[in-house]
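Following this message is one structure expressed as structure tokens.
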There are 2 protein chains.
Amino acid sequence: MQKKPYISMSVIRRLPRYYRFLVDLDRRGILRVSSKELAEKMGFTASQVRQDFNCFGGYGQQGYGYAVHQLREEIGTILGLDRVHKCILIGAGNLGKAIATHISYNFAGFELIGIFDRGEQVVGQSLAGLTVLPYGNLRSFCAENKPVMAILCVPHTATESIVDDLYALGIKSFWNFSHYDISLKYKDALVENVQLNDSMMTLCYRISEIEE
Amino acid sequence: MQKKPYISMSVIRRLPRYYRFLVDLDRRGILRVSSKELAEKMGFTASQVRQDFNCFGGYGQQGYGYAVHQLREEIGTILGLDRVHKCILIGAGNLGKAIATHISYNFAGFELIGIFDRGEQVVGQSLAGLTVLPYGNLRSFCAENKPVMAILCVPHTATESIVDDLYALGIKSFWNFSHYDISLKYKDALVENVQLNDSMMTLCYRISEIEE
DNA sequence: TAGATTGTTAATCGATTAACAATC
DNA sequence: TAGATTGTTAATCGATTAACAATC
């Protein structure tokens, strides 16, 4: 509850994992957890867990541990999971469908308010409680509903022109599943990349390494 | 071409990005590239690029730069992209379908040889050139074809028992899209996690942060 | 030769771990 | 009070950046 603590990006990247774990403990009615226990379950050191929680004050009690529910809430607040950022999805292929379903099951700060596709057969389909709209409707939809984030599930060859459109319509945050590099052109865009290809190549390296 | 250089994991995680970029340059017929140029395009420093390439000998020439094609090949070899690791996919929902399609387009060290699902309607469908098989066939299929890696696109509640089955059948490498934590139970398993949830929460943090 | 750019060492920075006093 | 466990400082480790001599 400090006023805007500085939290480094490496800590931020760990917060979702803590959060997921705490949600599970909370659901099971467990009230307290020690840094040692958390560390073991998550593959960190106890020292690191305490260091991490100290960034934002924490809810630790010496000799006792951390109050699960409070800590969970605090981390949720820091991550902004209690907000409702309106977002749209571009591309309703298999991946787009998976993400749309995923996002509607996993409330995490976002509300999906529109899905767009260029394909004749896809437009009009029902998906995650929404109807897939034609890409041509994008402009009027954005003017009216003001989404702040766009999820890009389109082939990477199509991504550039779509990002141009979206950026012009005022969307500057992207969850990008294509491997087109948005930041190269739009320096001030906020981009979270999910690079399946990179993940696959890294896995390939690790498997190849143990094989020889 | 050194004999097994040590490359740190942070460098490894950058190699796919270099690789993708070099493939692009190579395709465009560009023969040389400097560390400065690469750095600018990828958001690193030139120093880091040189440091990275030095881990494995590199193909740099002073006063000239790096030979694109050779460097690309070398990185590909290090990543093991020239290998063919046989893998299977469990779960042919939207995400599974997307991954199956993805992997068959993006050759990167893996060959998808089997797809399994428990759902009546899905089994028998054709996907990425394969027919979706019933989960019950898993044992005999593995005995015969010896896949080394499994892609998990199943709900996280189902993951544990599936991993138990796979591990017993000799599969110890996983590309895991569920958020069940495999490493907790199987310490020697090689796991590459794709945590969509974590990625979404991190994005939420970053958007929330700039909003206030 | 002069200019460019690498390879490599040294300096800096940040993140992780260890240690222990504070305190519940 | 004794035991447990945090909060926090100091030590270590590793990764990034800067600098420049080597050399194409």
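The values are calculated or read from the model by the stated rules, or taken from the named source; none is laboratory data. Please read these numbers as outputs of a predicted model, since none were measured by experiment. Virtual Cβ from ideal backbone geometry, glycine too; neighbours counted across all protein chains shown.
Within the set of pairs 6+ apart or on separate chains, which have a first residue in segment B:201-212 that is over 14 Å from A:GLU111 (Cα atoms) and within 7 Å of chain A (Cβ to nearest Cβ), a second that is of a type in the set (Lys, Arg) and not in a loop (DSSP other than H, G, I, E, B), and C-beta atoms under 7 Å apart?
B:THR202/A:ARG13
Something else about it: Just give me the residues in segment B:40-59 being buried (at least 19 other Cβ atoms within 10 Å of the Cβ) and near DNA strand D (Cβ under 9 Å from one of its atoms), in sequence order.
B:VAL49, B:ASP52
For B:MET149, are the conditions met, namely being touching a Pro at 6+ places or on another chain (Cβ under 9 Å), within 13 Å of another protein chain (Cβ to nearest Cβ) and of a type in the set (A, V, I, L, M)?
Working: touching a Pro at 6+ places or on another chain (Cβ under 9 Å): no; within 13 Å of another protein chain (Cβ to nearest Cβ): yes; of a type in the set (A, V, I, L, M): yes.
Considered against the rule, which asks whether it is touching a Pro at 6+ places or on another chain (Cβ under 9 Å), within 13 Å of another protein chain (Cβ to nearest Cβ) and of a type in the set (A, V, I, L, M), B:MET149 comes out as no.
Still on this model: Could you tell me how many of the residues in segment A:20-39 are within 11 Å of another protein chain (Cβ to nearest Cβ), free of Cβ contacts under 8 Å to residues at least 12 places away in the same chain and surrounded by 14 or more Cβ atoms within 10 Å (Cβ to Cβ)?
1
Separate question: Answer yes or no as to whether B:LYS86 is in contact with a Lys or Arg (Cβ under 8 Å, 6 or more places away or on another chain), more than 27 Å from B:ASP26 (Cβ to Cβ) and charged (D, E, K, R).
yes
Got a sec? Which of A:GLN70, A:GLN51 is among the polar types (S, T, N, Q) and within 9 Å of DNA strand C (Cβ to nearest atom)?
A:GLN51
On to the next question. Scan segment B:122-151 residue by residue and report those that are of a type in the set (S, T, N, Q) and part of a strand (DSSP E or B).
Listed by number, the residues that qualify are B:SER126, B:THR131.
Which members of segment A:101-145 meet the condition of being within 14 Å of another protein chain (Cβ to nearest Cβ), of a type in the set (Phe, Trp, Tyr) and surrounded by 15 or more Cβ atoms within 10 Å (Cβ to Cβ)?
A:PHE110, the sole residue that qualifies.
Does segment B:152-159 contain at least one residue that is in a loop (DSSP other than H, G, I, E, B) and away from chain A (no Cβ under 14 Å)?
No, there is no match, as no residue in segment B:152-159 is in a loop (DSSP other than H, G, I, E, B) and away from chain A (no Cβ under 14 Å).
Identify, by number, the condition in (1) of a type in the set (Asp, Glu); (2) within 26 Å of B:ARG17 (Cα to Cα); (3) at pLDDT 95 or above that A:GLU111 doesn't meet.
(2)
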